[in-house]
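Okay, so here's the structure we're looking at.
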Amino acid sequence: MGNFENGVSSILDFKQSAKTDQYQHHDYYILDELLSEEHLLARAAVRDWVKQSVSPIIEDCANRSVCPTHLFKELGEIGAYGPSIPSKYGGGGMDDIAYGVIMQELERGDSGIRSMASVQGSLVMYPIYRYASEEQKMKWLPKLGSGELIGCFGLTEPDHGSNPAGMITNIKDDGDAYILNGAKMWITNSPVADLAVVWAKDETGKIRGMVVETGTKGFSTPEIHGKWSLRASITGELVFEDVRVPKENVFPEIKGLKGPLSCLTKARYGIAWGAIGAALDCYDSALRYSQERIQFGKPIGAFQLTQKKLAEMITEITKAQLLTWRLGSLMNQGKATPSQVSMAKRNNVHMALEIAREARQIHGGMGITNEYPCMRHMMNLETVLTYEGTHDIHLLITGMDVTGFNAFK
Ligand code: TGC
Ligand code: FAD
């Protein structure tokens, strides 16, 4: 990984003084009965890790806009990278519900920590697993799974976000290599990555996927500064100036936009679970605060308007949990459609953002401070609402699915 350890020693100092994470699980419809022992064990392990390694430092990291890069290796150790990719290829060898509950626990800690894991697992390991040659898989996947190597995923460009089909990044044949030119924007992890999965057009205009290793001449990854959201996650650009990409690094078979979009389906599914984690953390904090904060001689949780907020929160969380569990079952059976994934991503992220705002209100003035997690989750969720397809793009995907009319063309 690149040399981005700045601030990590002071983060660890801060950890000594941070307060304890009091989060308790909320399962109103006893959905845990639908989970297997493996799911429950995976969830418990990740929850413990978040309490120990994320909660004590995350407010400080977000406050100072520092990415806790020491967690990349730990995420590998707890099996957060590619939980549903076969273990032979560096993954966890579990099913898609196990993947979901792991993403939920990570995002309960912070959306940026879930981003670290979902980019590595779903957007870097998954395309290599699905589209690369056996030799390429064995070269990169085990090291990505352990966190020894860090990857990023380059689809979005400065002028092509929601419409990646218009991309201008391109490759030209040059004997044993392709020459890559162009730029990618808003790329999670790029400044600390060892390799990038990049999508670019070939000379026939077809979108091709390839692995570009950092350190290759002409390839740079400048950091993007000034984010008010995902402040504990590092984001950058990918700039390609006559970069020679060996032909063996290009995925042999997959051509067209369905290559990157199939990876996005995996990652969006993980986000649908993850957003529930952020919502649960906000609800948990608001519930506890409502029981402890006294105004007008009684806990604010005793006022009907506070109860309305909390009752609506747990109702929306429970609906999202049911939707997502069912989607996970369909994923496990290979029956989930990309449109079903879009519905869950849009619904759950919007639900979590509304809950973060309501939870912030229940905390009154304290809600705007980093004593409580709501405002950090709220700011993070503004990004989650936008990346991996914006709220409105997913709405139009559902609209197209139910009407048969394509609003994009
Ligand atoms: P369209 O003509 O509809 O489709 C092109 C081909 O792709 C197939 N397809 C899919 N395949 C798998 N999964 C999906 N979700 C798919 N959606 C479409 C489709 O069947 C077709 O196949 P074929 O065989 O006919 O060629 O494409 P379009 O150009 O009209 O675009 C449709 C649209 C707007 C839905 C798509 O462009 C889109 O989803 N745009 C949103 C872009 C986006 O999500 N970008 C995300 C960038 S990565 C990111 O944000 C990472 S954040 C990381 C973090 O967590 O930190
Ligand atoms: P635009 O596409 O310009 O959209 C602007 C607005 O117009 C949105 O509200 C959108 O909904 C609306 N709009 C666009 N088209 C339509 C339409 N047809 N109908 C109605 N409304 C429309 N990308 C990667 O490739 N890799 C990454 O790792 C990655 N990480 C990210 C990390 C962060 C912190 C952020 C903020 C973004 C990241 N992205 C990444 C990029 C992300 O996927 C894009 O920001 C997203 O797809 C939207 O593109 P855009 O920002 O260019 O917005």
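Counting only residues that are within 24 Å of the chain's Cα centre (by Cα) and away from ligand 1 (no atom under 13 Å from the Cβ), which one in segment 232-247 is most open to solvent (accessible area, probe 1.4 Å)? Here the residue is E237. Inspect all residues belonging to segment 172-184 and state whether any of them is among the aromatic types (F, W, Y), open to solvent by 40 Å² or more (accessible area, probe 1.4 Å) and either under 23 Å from P246 (Cβ atoms) or outside any strand (DSSP E or B) (or both). So far as segment 172-184 goes, no, none of its residues is among the aromatic types (F, W, Y), open to solvent by 40 Å² or more (accessible area, probe 1.4 Å) and either under 23 Å from P246 (Cβ atoms) or outside any strand (DSSP E or B) (or both). Scanning segment 389-408 for residues being within 8 Å of ligand 1 (Cβ to nearest atom), closer than 17 Å to G274 by Cα and open to solvent by 30 Å² or more (accessible area, probe 1.4 Å) gives a total of 1. Considering segment 364-377, and only residues there that are open to solvent by 30 Å² or more (accessible area, probe 1.4 Å) and among the hydrophobic types (A, V, I, L, M, F, W, C), the residue that is farthest from ligand 1 (Cβ to nearest atom) turns out to be M366. Going through (1) within 16 Å of ligand 1 (Cβ to nearest atom); (2) open to solvent by 50 Å² or more (accessible area, probe 1.4 Å); (3) of a type in the set (V, I, T) one by one, V349 falls short only on (2). If you go through segment 138-153 and keep only what is away from ligand 2 (no atom under 16 Å from the Cβ) and open to solvent by less than 30 Å² (accessible area, probe 1.4 Å), you end up with W140, L141, G145, G147.
Can you tell me which residue within segment 248-260, out of those that are touching a residue at least 60 places away in the same chain (Cβ under 8 Å) and open to solvent by 70 Å² or more (accessible area, probe 1.4 Å), is farthest from E213 (Cα to Cα)? Spell out how you get there, then give the answer.
Initially, segment 248-260 is screened for residues touching a residue at least 60 places away in the same chain (Cβ under 8 Å), giving 248-254, 257, 259-260.
Add one more test, that the residue is open to solvent by 70 Å² or more (accessible area, probe 1.4 Å), and what stays is 248, 253.
Numbers: E248: 12, E253: 20 Å.
The extreme case among them is E253.
I'd like to check something: does segment 262-274 contain any residue that is farther than 17 Å from E354 by Cβ, of a type in the set (V, I, T) and open to solvent by less than 50 Å² (accessible area, probe 1.4 Å)? So that I can check it myself, show each step before the final result.
Keep residues of segment 262-274 that are farther than 17 Å from E354 by Cβ, which gives 262-270, 273.
Subset that is of a type in the set (V, I, T): 265.
After this cut, where a residue has to be open to solvent by less than 50 Å² (accessible area, probe 1.4 Å) as well, the list is 265.
Checked against the condition, which is being farther than 17 Å from E354 by Cβ, of a type in the set (V, I, T) and open to solvent by less than 50 Å² (accessible area, probe 1.4 Å), segment 262-274 yields at least one hit.
Quick one: would you say A80 is within 26 Å of N380 (Cα to Cα), away from ligand 2 (no atom under 16 Å from the Cβ) and not in a helix (DSSP H, G or I)? So A80 passes the test.
The values are calculated or read from the model by the stated rules, or taken from the named source; none is laboratory data. Just so we're clear, the structure is a prediction, and the values are computed from it rather than from any experiment. Here Cβ is always computed from backbone atoms with ideal geometry, including for glycine, and neighbour counts include all displayed protein chains. To get the accessible areas, we keep the full protein, side chains included, count just its heavy atoms, and leave off ligands, DNA and RNA. Shrake-Rupley method; radii C 1.70, N 1.55, O 1.52, S 1.80 Å.
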